[in-house]
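First the structure, in the form of structure tokens, and then the observations on it.
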Amino acid sequence: MLNNFAVYSHTSVKPSRPEILAPPGEPQPTANGRLVIASANMSTSPADRIEETSHIQLTCQTRGGRPTPSIEWFRNGRQEARSSNISLGRNMGSHAGKAGSHAVLRNVMTEATLRLRRDNLNTGDRLVCVVRNEALLRAEQLEDRELRAEVIIEVNCNPD
């Protein structure tokens, strides 16, 4: 009598170190982790203050990872509410490779976009993106159980 059974292998793969990016045309975080933004009230008149310039938008991206990594945003140590100002996404890279291969895993990008009002940001605010998945949780060292990227906000104000 033959027994029918299947062997399932679940391989966990660590994601890449996250990067924090701003949309094209917006100030980008520097290599040392600073993000210089204009104050929300630097416009000359209220009519000049359009919706797009009253907010900043930052995207945390990581590639690869199995199972799919989770991404969380923190501001000054407090987790940002997911529903109101964070959007999540996952897509395949342009060089995906064969299904099931490690090339596919390396090119799948997971991202979380944070949108904050400029007038609620202060110089010194710390925005941190934290990436986790099962493979990271197996690390022996506590500091290796998550991946982080961060920026420190610097608000430029008009001189009085």
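Which ranges mark the strands (runs of 3 or more DSSP E) fully within segment 46-159 that have 1 or more residues being modelled with pLDDT of 80 or more, touching a strand residue (DSSP E or B) at 6+ places or on another chain (Cβ under 7 Å) and closer than 18 Å to residue 20 by Cα?
Result: 55-63, 70-75, 109-117, 126-132, 147-156.
Say we look at segment 110-134 and pick out the residues that are closer than 17 Å to residue 146 by Cβ and basic (Lys, Arg); which of these is surrounded by the fewest Cβ atoms within 10 Å (Cβ to Cβ)?
Here the answer is 126.
The values are calculated or read from the model by the stated rules, or taken from the named source; none is laboratory data. Quick caveat: nothing in here was measured; it's all calculated off a predicted structure. A quick note on method: Cβ atoms are made from the backbone with ideal geometry, for glycine too, and the neighbour counts reach across all protein chains shown.
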